[in-house]
1. Residue pairs, Cβ under 6 Å, 6 or more apart or interchain, first in the stretch 115-141 and in a loop (DSSP other than H, G, I, E, B), second open to solvent by 20 Å² or more (accessible area, probe 1.4 Å). List them.
2. The conditions are (1) among the β-branched types (Val, Ile, Thr); (2) free of Cβ contacts under 8 Å to residues at least 60 places away in the same chain; (3) over 24 Å from LYS217 (Cβ atoms), and ILE183 fails exactly one of them. Which is it?
3. Hey, among LYS178, LYS145, which residue is out of contact with any Leu (no Cβ under 8 Å at 6 or more places or on another chain), modelled with pLDDT of 95 or more, open to solvent by 60 Å² or more (accessible area, probe 1.4 Å) and farther than 26 Å from GLY87 by Cβ?
4. Could you run through the stretch 202-226 and say how many residues are open to solvent by less than 30 Å² (accessible area, probe 1.4 Å) and farther than 11 Å from GLY168 by Cβ?
5. For the stretch 83-98, what are the residues that are surrounded by fewer than 18 Cβ atoms within 10 Å (Cβ to Cβ), in contact (Cβ under 8 Å) with a residue 24 or more places away in the chain and more than 26 Å from ILE18 (Cβ to Cβ)?
6. Criterion first (surrounded by fewer than 19 Cβ atoms within 10 Å (Cβ to Cβ), at pLDDT 95 or above and touching a helix residue (DSSP H, G or I) at 6+ places or on another chain (Cβ under 9 Å)) does GLU140 satisfy it?
7. So, of the residues in the stretch 150-164 that are in a helix (DSSP H, G or I) and in contact (Cβ under 8 Å) with a residue 12 or more places away in the chain, which turns out to be farthest from PRO125 (Cα to Cα)?
8. For the structure I just gave you, tell me whether ARG59 is open to solvent by 50 Å² or more (accessible area, probe 1.4 Å), over 21 Å from PHE199 (Cα atoms) and out of contact with any Ser or Thr (no Cβ under 6 Å at 6 or more places or on another chain).
Amino acid sequence: MNYIEAPSPNFDQRGRSIDSVILHYTGMETGAEALERLCDSAAKVSAHYLVEENGDVYRLVNEADRAWHAGVGSWKGETDINARSIGIEIVNPGHEWGYRDFPAAQIDAVISLLKDINQRHDIAPARVLGHSDIAPRRKEDPGEKFPWVRLAEEGLAIAPFDGDAEAGLAVKYEDALKALSDIGYDAPAGDHAAALLAFQRRFCPLSLGQGFDPRTKAALMAISGG
């Protein structure tokens, strides 16, 4: 791939092997504003790559180094997600500044970037995650408009649920809640609401905010293999 080099000073030693990719949206009004912040030493945030809406891909941090993109998070009980992951910032104003669809050229570039990363690290589709997946109480990105199905068609991520919602009618609440944790979400009993929203954004956006409705329960069992 052709990268535009934009080195960020915000990184440190990784300390372990890479097995995940975390997708973010920038959540700022412009890509230029986001790039400036990611390269500002005072901001103490960064990512390995930034993908503009026109498909330009900026390389900010070497993959061998630990970029500061994920913050406090957890997946399958594992923390320090930064140490094990590559962070990709995708330019989009996000929910605060006018969340919009991701242009085709941008998603094409994300797909090409993921394929390029896989040549070096062989990331499993189940380990290509959204920021909201690993930090559901703090984050919403890349959000319900992100076209995960496009990535799944290329074998790069797990596909959103596209099955029969009625299959969820027979699923017990306890089994659905267990499936949420089994998939990888930090969803302890009594504190699962944020994780459930994150799951819906990722796997069944038609049910976003609808609690354990039949579609969500069917999706949970399908994605967890239950």
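1. PRO136/ALA194; ARG137/ALA194; GLU140/HIS95; ASP141/TYR25
2. Of (1) among the β-branched types (Val, Ile, Thr); (2) free of Cβ contacts under 8 Å to residues at least 60 places away in the same chain; (3) over 24 Å from LYS217 (Cβ atoms), only one is false for ILE183: (3).
3. Working: LYS145 fails: farther than 26 Å from GLY87 by Cβ.
Among LYS178, LYS145, only LYS178 is out of contact with any Leu (no Cβ under 8 Å at 6 or more places or on another chain), modelled with pLDDT of 95 or more, open to solvent by 60 Å² or more (accessible area, probe 1.4 Å) and farther than 26 Å from GLY87 by Cβ.
4. So the count comes out to 3.
5. Matches in the stretch 83-98: HIS95, GLU96, TRP97.
6. No; evaluated as a whole, the condition is false for this residue.
7. Checked the stretch 150-164; the qualifying residue farthest from PRO125 (Cα to Cα) is ARG150.
8. It is true that ARG59 is open to solvent by 50 Å² or more (accessible area, probe 1.4 Å), over 21 Å from PHE199 (Cα atoms) and out of contact with any Ser or Thr (no Cβ under 6 Å at 6 or more places or on another chain).
The values are calculated or read from the model by the stated rules, or taken from the named source; none is laboratory data. Just so we're clear, the structure is a prediction, and the values are computed from it rather than from any experiment. Glycine also receives a Cβ, built like all others from the backbone with ideal geometry; neighbour counts cover every protein chain displayed. All accessible areas refer to the heavy atoms of the entire protein, side chains included, with ligands and DNA or RNA removed. Shrake-Rupley method; radii C 1.70, N 1.55, O 1.52, S 1.80 Å.
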